[in-house]
Each structure stands twice: as structure tokens, then as C-alpha cells.
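Worksheet for the structure shown next.
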Amino acid sequence: MTDLPAKTDRKLGLVIDLDTCVGCHACVISCKGWNTENYGVPLGDADAYGAAPSGTFLNRVHTYEVTPKDGPAQTVHFPKSCLHCEDAPCVTVCPTGASYKRAEDGIVLVNEDACIGCSLCAWACPYGARELDQVAGVMKKCTLCVDRIYNENLPEEDREPACVRTCPAGARHFGDFADPDSNVSRLSAERGGMDLMPEQGTRPVNKYLPPRPKEQIDVLAPLLEPVAETPSGLLGWLDKALEKL
Amino acid sequence: MHPAPSVILFTALSGLGFGLLAFLGLGLPDVTGWVAFVFFAIAFALSVGGLVASTFHLGNPKNAMKAFSQWRSSWLSREGCFAVAALISMGLFAMGAVFFGQRWSVIGWIGAALSVGTVFTTSMIYTQLKTVPRWNQPLTPALFLSLSLGGGALLAGQVRVALVLLVLAGLVQLATWRVGDRRFAEAGSTLSTATGLGDIGTPRLFEPPHTGTNFLLKEMVYVVGRKHAARLRVLSMIFMVGLPVVILATDPGHLTAAIAVLSHLVGVLAARWLFFAQAEHVVGLYYDKR
Ligand code: SF4
Ligand code: SF4
Ligand code: SF4
């Protein structure tokens, strides 16, 4: 049934750090790769090498510019994948039971064998986290790499989502939000983890860490002061030589 | 939202069909034999034709039977169940009227109620979506129901009832547009809430996540053709309500009645196109497009 579980034993999800994300799109590619080569039908592409390519992705990186009242604008890279919401509207609208939220760990999944491709779940998701595969005709979404995190055939360090494993900036963290001492719970508490569109009432599990205030970064600035006022060595020689000219 | 022809046809035709079935179930008009056959043929052609059109919107229709299973939580599933129950009971009722010259009134009442229920469940598929604030308001079911019953009365030849219901539907449509135009702002979702960056300052899209298009943009961020919306509203109102009401008020014959029906259908199709094309989904905020 597409009723939501009253409570999930664990709440697995991601913390996404908007301060450290460098916008390299590596998570987009590793996600596409893992989910094309493994669980379910591949993520379809149309006209991949033609003039108007389009394709299915479970994770996409937007880039925004935010301008404070007084101060310069700053760039924020913004990765977005399914937030595995506690009150997931995408699940309850599904007529076939293909969409469901797991009671054991809270992961929201699509059973592709039952999906009719009606797209209603994608309409119900505020975040654009679901895409109907135009080749296979079934709904695709982030699986929280359910086929990695429990996969005993993978080395221990690979038992985390592909996007987390691949991120060169360490901007994505995976863990259990039901445990207040987990890495993700602590990170979210320390850095003020945010819900996206809280007014939609979806209660997302994934949390976003806001960019650190610029003043906080300036505490490092004194350490970058020049250490010597008068140049020595090659620079000193050059300085003197130039003065003589 | 993308105004897919299959969904526009489905909601418009099946709305009319189930509206007509509701009146036939109540014995309005009380027909038997060949006359009943013609009425029921039209009603079933519209309602079933609409349902068939709706399956063209599916990516994977081979699993369609499974869509009856989730009636406890899903309005789409409930709609399927109501539609089948309505068609079965009205099929029985039609058999009695056409072949046995009988009016099995209890079955007719049940069938009428189920037909109205089908239209209501259809409307709730759209109404329930918080992500599309324009639809997420109580006037949406009122609009679907009044249009379906108004059109049904028109097809059933119930001149007085049709006159009242069509005027009512016109008023509900005007109110729906008025309220609908404010709904997105009222719902309160902005790029600031969508990104959580509002605490820092004013965010704007700097670079989209992909250069080409994708499913989300095609399906939910439809921005083409809205500039004619105001004119289309006037036209749809004239065809959907204005012309049919004038014709009904002048005691129509068969031919003029047919013109009223056609005009109404054209108007409903235009209004339904607007219903989708003007509906803005909150996901558009992430793309700085609505
Ligand atoms: S982010 Fe969207 S798809 Fe994921 S659980 Fe929430 S509503 Fe559903
Ligand atoms: S597209 Fe598939 S998963 Fe989504 S609501 Fe329809 S049947 Fe359910
Ligand atoms: S958890 Fe897996 S499926 Fe989800 S965005 Fe990351 S790589 Fe993609």
C-alpha cells in the first residue's frame, strides 16, 4: 500500500554542504553511472550525441547567486536529489503502489515492475526529484544507492552512496538522522541544517547546510599576511636591480 | 503544467459523459428502447473514450490493472475504481432501459451517484497537489462538478436545469480564475524558500543544472502560449457558457441544441487547456521559470 509508514526505524539520508560544494558535477556523473550500470533499467538518454540531447538524471546541480543587503554577491552551487521526505506526497498519490517508503530505513523507492508511468508522483514532488524515463516509460528517482549501502560484495569504504563517495570536496554526507549522535545529525545541528520549501509540509530527511558567513572566513585572513616586509633572496636581488635602473 | 492533449480530452470528454450518465441514471429524461440506446451510446462513448484517451498519457500502460489497488491513499486509484463501478452500474441500468423497457431506479440512483463521484475523484487528483497552488483550492472540484453536470444536463436535453447549471458553472469558472491567479503568491514558495538562501540575501539563478531540456521542464514548466491567456479566457467563456445559455433560453430545436452542445464542448476544451497551461508548479522556481 502507498500509505506512508507511521514511523521508520532509521532515517537514512544526506547532508549537503552548500559551503563546500564546488559545483564540479562529479556527483551528477557518478550517480548517472552507478544507476545506469546497476539496479533497475538504465537511465535513458535521448539524442545523446545529437543537437538536442536530454536524459534522465537522479541528481542535478543548480548554481545560484545570492546578494546580501550590504556586501558582494556570492555563488552557491546547489546539488539536488530526492530528500526522502517523511511526509512524502509522491508516495501517497501513486495509484499502483509502485512508489513506497521503506519502514526499516525510510528510503523512498519506485518498484519499476508496478509503475504505469502516469507521472503523478513527479507532479506531487515539489523538488523535481523524480523524472519519468523517456526511454523506459517508468519513473526514476534517487535510491539512496540502496544497492551500495547494504552491499556486502563491496569493500566497506564503498558502502555509501556513489555521489557521497565521489565528491572531491566532501560536500555530501550520508548517515542516519534517527540517531542523534550520527555524523549527519551532529553536522546538521552544528551548522544549522535547513529544510527546503518547509511550507510544502513534506518534512524532508535530507538537510542542507547554509554557506558559512563571510566574516567567519575572515578569521583566517591574518594568517595570510605577508611574513617579510623587505624581500630577500632572488626577489631582493630583483628589487635592488630594478631600483638601480 | 504541460497541457497534454490526451489529458485535456480525457477530463473534458469523460466529465461530459459522466455528467450525462448521472442524469440518465436519475431518469432525466426517462427513456427506453431505441431512444435510450442513442442516449447511452453517446454517454458511454464520451466517458469510455475519455478514459481510453487518458491511458495515452501513461509511459507504461501494461501495468494499468494495478492502478485499482491503492484506493486507500491515492485519488487516481479511487478515480479508477469509481469509474469502473459507475460504468458497470450504468451499463446494467442501460440494459434494463434499452432491452427490457424497464427503469431499475435503485441501480440508476447508485449509478448516478457513482458517476458524480467519478468526476469528483478526477478533480481531486489535481486539487490535492500542493505543488500546483492554482489547483490546490476548493473551487477546483466545484468547477469540475458544475461543468460536468451542466454539460450533462445540456446533453440530456434538460433545458431548465442546464440553463441554471451552466450559469452556475460560468460563475464558478470566473471565481476559480480570480482566486487561482493569487494562489501561487499565497502559497508562499519562492526561490528563497526553495533554496533556503533567503536568510543571506536575494538569490537568483546563475547557471541552470543542464543546458538542454529535460522531463521536468517539459512536463511541469510549460511557459509557451500564456500571453494569449486573457483572450482565450473570454473566448472559452463565450463558447462554454454564453452561446449555449442564449440558445437554451430561446427554446431550441434539435439542430440548435446540437450547436449548443458543440459550442459547450469547444469552450470546455479551451478552458481545460488554460487549466493546465496556466498552472505553475513550484519546481519551476529552481529553474527561475514558471
Ligand atoms: S524529494 Fe520528492 S521524490 Fe523525494 S521523497 Fe520528497 S517528495 Fe518524494
Ligand atoms: S509514475 Fe509510477 S511510481 Fe509514479 S505515481 Fe505513477 S505509477 Fe506510481
Ligand atoms: S544517493 Fe545514489 S541515487 Fe541518490 S543521488 Fe546519490 S548517487 Fe544518485
Residue A:99 passes all but one of the listed conditions (1) at negative phi; (2) within 7 Å of chain B (Cβ to nearest Cβ); (3) touching a strand residue (DSSP E or B) at 6+ places or on another chain (Cβ under 6 Å); (4) among the small types (Gly, Ala, Ser); the exception is number (2)
Name the residues in segment A:174-184 that are open to solvent by less than 30 Å² (accessible area, probe 1.4 Å) and in a loop (DSSP other than H, G, I, E, B), would you? A:182
Failed item, numbered, when residue A:147 is tested on (1) within 29 Å of residue B:281 (Cα to Cα); (2) more than 8 Å from every other protein chain (Cβ to nearest Cβ); (3) of a type in the set (D, E, K, R); (4) touching a Phe, Trp or Tyr at 6+ places or on another chain (Cβ under 7 Å): (1)
Identify, from the list A:106, A:97, the residue that is within 16 Å of ligand 3 (Cβ to nearest atom), touching a residue at least 24 places away in the same chain (Cβ under 8 Å) and in the same structural domain as residue A:37 (by TED's automatic domain parsing). A:106
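To keep it simple, each residue is scored yes or no on (1) assigned to a loop (DSSP other than H, G, I, E, B); (2) more than 16 Å from ligand 1 (Cβ to nearest atom); (3) not hydrophobic (A, V, I, L, M, F, W, C).
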position: A:126; (1), (2), (3): yes, no, yes
position: A:131; (1), (2), (3): no, no, yes
position: A:143; (1), (2), (3): yes, no, yes
position: A:147; (1), (2), (3): no, yes, yes
position: A:165; (1), (2), (3): no, yes, yes
Of the residues A:96, A:63, A:92, which single one is open to solvent by less than 30 Å² (accessible area, probe 1.4 Å) and within 16 Å of ligand 1 (Cβ to nearest atom)? A:96
Take the conditions within 13 Å of residue A:58 (Cβ to Cβ) and acidic (Asp, Glu) and apply them to residue A:133. Does it pass? yes
The lone exception for residue A:105 - which of (1) within 12 Å of another protein chain (Cβ to nearest Cβ); (2) open to solvent by less than 20 Å² (accessible area, probe 1.4 Å) it fails: (1)
All but one of (1) among the hydrophobic types (A, V, I, L, M, F, W, C); (2) touching a Phe, Trp or Tyr at 6+ places or on another chain (Cβ under 7 Å); (3) surrounded by fewer than 18 Cβ atoms within 10 Å (Cβ to Cβ) hold for residue A:187; state the number of the condition that does not hold. (2)
Could we say that residue B:197 is crowded, with 17+ Cβ neighbours inside 10 Å, free of Cβ contacts under 8 Å to residues at least 12 places away in the same chain and within 12 Å of chain A (Cβ to nearest Cβ) here? yes
Does at least one position in segment A:175-193 carry a residue that is in the same structural domain as residue A:79 (by TED's automatic domain parsing), out of contact with any Gly (no Cβ under 9 Å at 6 or more places or on another chain), farther than 30 Å from residue A:94 by Cα and among the hydroxyl-bearing types (Ser, Thr, Tyr)? yes
Can you name every residue in segment A:57-101 that is within 13 Å of ligand 2 (Cβ to nearest atom) and either touching an Asp or Glu at 6+ places or on another chain (Cβ under 6 Å) or not in a strand (DSSP E or B) (or both)? A:82, A:88, A:89, A:90, A:91, A:92, A:93, A:94, A:95, A:96, A:97, A:98
Going by what's in this entry, would residue A:180 be described as within 22 Å of residue B:285 (Cβ to Cβ) and away from ligand 3 (no atom under 16 Å from the Cβ)? no
Of B:191, B:235, B:216, which residue is in contact (Cβ under 8 Å) with a residue 40 or more places away in the chain, of a type in the set (A, V, I, L, M) and more than 7 Å from every other protein chain (Cβ to nearest Cβ)? B:191
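The values are calculated or read from the model by the stated rules, or taken from the named source; none is laboratory data. If you're wondering where the values come from, they're calculated on a predicted model, not measured in any experiment. Positions of Cβ are backbone-derived with ideal geometry, glycine not excepted, and every protein chain shown enters the neighbour counts. For the accessible areas, the whole protein counts, side chains as well, though only heavy atoms, and no ligand, DNA or RNA atoms are used. Shrake-Rupley method; radii C 1.70, N 1.55, O 1.52, S 1.80 Å.
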